[in-house]
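Colleague: Quick one: this structure, given as structure tokens, is what I'll be asking you about.
The values are calculated or read from the model by the stated rules, or taken from the named source; none is laboratory data. These numbers were taken from a predicted model, which means no experiment stands behind them. We place every Cβ from the backbone using ideal geometry, glycine too, and count neighbours over all the protein chains shown.
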Amino acid sequence: MSTLQESLATAVGLVLQAEPRLLQTVVLSLQVSGSASLAGSIIGLALGAWLAVSRFRGQRAVVGLLNTLLAMPSVVVGLLVYLLLSRQGPLGDWGILFTPTAMVIAQSLLVVPLVAALGRRLLLSALAEGGDQLRSLGAGATATALLLLLHERYSVLTVLLTAFGRAIAEVGAVMIVGGNIDGVTRVMTTSIALETSKGDLPLALALGLVLLAVVGLLNAAIGLVQLRSGRQNEMAI
């Protein structure tokens, strides 16, 4: 039997047995990415809604900056958060560097531009279809944005699931600000990188299988949401 086959067989066994280290790493990953996705999505949706319904000088520059941030490497975000939270940084007194909280902050910053950009485009499309009707009924900018987000709830849910997928698959930022400390800040992606470098291929493969399963479930959920949204639109017609 080849090394790959042996490692894969052992990895499957670790997953089926819910090996303690594996389980701890998976749970921490879900907690960190879930918290970051929630915080980043709230801020991102608010920012996207504001950019969609407001008109102000410099708006194009803000939108351009937002689109630029979509391509920002995660390691750059990690570096910026590290500089803010380090002892010499302005937020060093918080003492949260190399903790899950720092990892949540870093992943939230990665999620915000994605959710804001997708939310803005979603609302612009919705405004083109029903914005005038809402305004004719006296709805202000904030009320219009909230009503349209509620109306497009399935699309919003798709955005939120996409944000979670972005967060849980990230490795660079959380490794920088979390330190990849065993039992404290070691998540699936950082653990895969470490265990591979150490030669512990079965554990790395086991974590990879779990991560692939999580991403697969996310894609399935997005597909179901889009299918549900399409059926709702057909019923409305």
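Colleague: Could you please let me know if residue 125 is assigned to a helix (DSSP H, G or I), of a type in the set (S, T, N, Q) and over 21 Å from the mean Cα position of the chain (by Cα)? Talk me through it step by step, then tell me what you get.
Modeller: Details: assigned to a helix (DSSP H, G or I): yes; of a type in the set (S, T, N, Q): yes; over 21 Å from the mean Cα position of the chain (by Cα): yes.
Spelling it out, residue 125 is indeed assigned to a helix (DSSP H, G or I), of a type in the set (S, T, N, Q) and over 21 Å from the mean Cα position of the chain (by Cα).
Colleague: So which residues in segment 67-90 are more than 21 Å from residue 169 (Cβ to Cβ), of a type outside the set (S, T, N, Q) and touching a helix residue (DSSP H, G or I) at 6+ places or on another chain (Cβ under 9 Å)?
Modeller: 84, 85, 87, 89, 90
Colleague: Among (1) modelled with pLDDT of 95 or more; (2) assigned to a loop (DSSP other than H, G, I, E, B), there is one condition residue 106 misses while meeting the rest; what is its number?
Modeller: Single failed check for residue 106: (2).
Colleague: Still on this structure: Could you list, in sequence order, all residues of segment 14-38 that are free of Cβ contacts under 8 Å to residues at least 40 places away in the same chain and among the small types (Gly, Ala, Ser)?
Modeller: 18 - this is the single residue of segment 14-38 that is free of Cβ contacts under 8 Å to residues at least 40 places away in the same chain and among the small types (Gly, Ala, Ser).
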